[in-house]
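What follows draws every value from the coordinates through simple rules; no lab data is involved. Just so it is clear, the model here is predicted, and its values are computed rather than measured. When we count neighbours, we look across all protein chains shown, and the Cβ atoms used for this are built from the backbone with ideal geometry, even at glycine.
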Amino acid sequence: MTVESPLPAQGDSARRQKTRERLIDAAYEVFSEHGLHAASIEMVAEVAGFTRGAFYSNFESKEELFFALAERENGLRLARLKQAVEAQHGQGNVGSPRLDDETVTELVRSMLALQENDTRWFLVLGEFRLFAMRDQNVAQRFIARQHEISVELAELITLALASVGARFSLDPYIVAGIVSTTYETAMQQAILSGVDNADAAAQEIAMRTLPALIVRLIEPA
């Protein structure tokens, strides 16, 4: 019996992955420009340079495509944060607590600086959040994924605090939710203000409250 070479299958897999990435890239562009409701599968496929059939060969629905986009974008942001936090932790001296306002402020500023190019993602995420509120099936999956992100964020900010010899006085998961909500509110204010660089404006708005808030939620490790 002749054994078929695995190379064609691997090649097909690589091509399929490239197709999926192009569709995800196109979805990001179309969703942010037209909104999730107005964006159609045909629009996404056209921007990606594929047919409607190619879309359905890779995704079951527009919602499925969004979750793939969210997985990628959230993964990129968490990966950047993880790399920075691990580097910070490696340089820190956990035996000498440094809980002064200046240390915490610089730590928060360094973490926020990693959240670049968030304006477009915030718009897309906000649209999908509203969509999920109107569809219970989508909502359950959306909430589950947001929970996973909060768990990962809680672990990272706990590690970041350990680098300055501190820990949270509250459940880190609760603090992660507070931090996320504060940053999202800042981003919303920045976008609504119509400034040219909403990312930078959001970080400055968040810096008015986050450092002072975190100082009150930490204690020596």
Degrees, to the nearest 10: 136-162 long Cα axis against longest axis of the chain: 40 degrees
With Cα atoms, 0 to 90° folded angle of helix 101-112 axis to the chain main axis: 10 degrees
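Could you tell me the calculated FRET efficiency between residue 25 and residue 137, based on Cβ-Cβ distance and R0 = 22 angstrom, to the nearest 0.05?
Calculated value: 0.25.
Can you check what the net charge comes to around residue 195, using other residues whose Cβ is under 14 Å from the Cβ of residue 195 (Lys, Arg +1; Asp, Glu -1)?
Net of charged neighbours comes to -4.
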Alpha-carbon gyration tensor eigenvalues x 5, square-rooted, for the chain, Å: 37, 23, 15
Gained length - residue 80 relative to residue 173, 0.36 nm times residue gap less alpha-carbon distance: 31.5 nm
Cβ-derived FRET efficiency at R0 35 Å, residue 152 paired with residue 13, nearest 0.05: 0.80
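What do you get for trypsin sites (Lys or Arg not before Pro) in the range 136-201 restricted to DSSP loop and a cutoff of at most 13 other Cβ within 10 Å of the site's Cβ?
Nothing satisfies the criteria.
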Karplus-derived HN-Hα couplings along the range 40-46 (A = 6.51, B = -1.76, C = 1.60, θ = phi - 60°), whole Hz, x at Gly and Pro: 10, 4, 5, 5, 5, 4, 5
Estimated FRET transfer efficiency when R0 is 30 angstrom, pair residue 193-residue 34 (beta carbons, to 0.05): 0.85
Sequence-separation-based contact order of the chain, relative, with Cα cut under 8 Å and 6+ spacing, percent: 23 percent
Degrees separating the helix 172-193 axis from the principal Cα axis of the chain, which is the longest one: 70 degrees
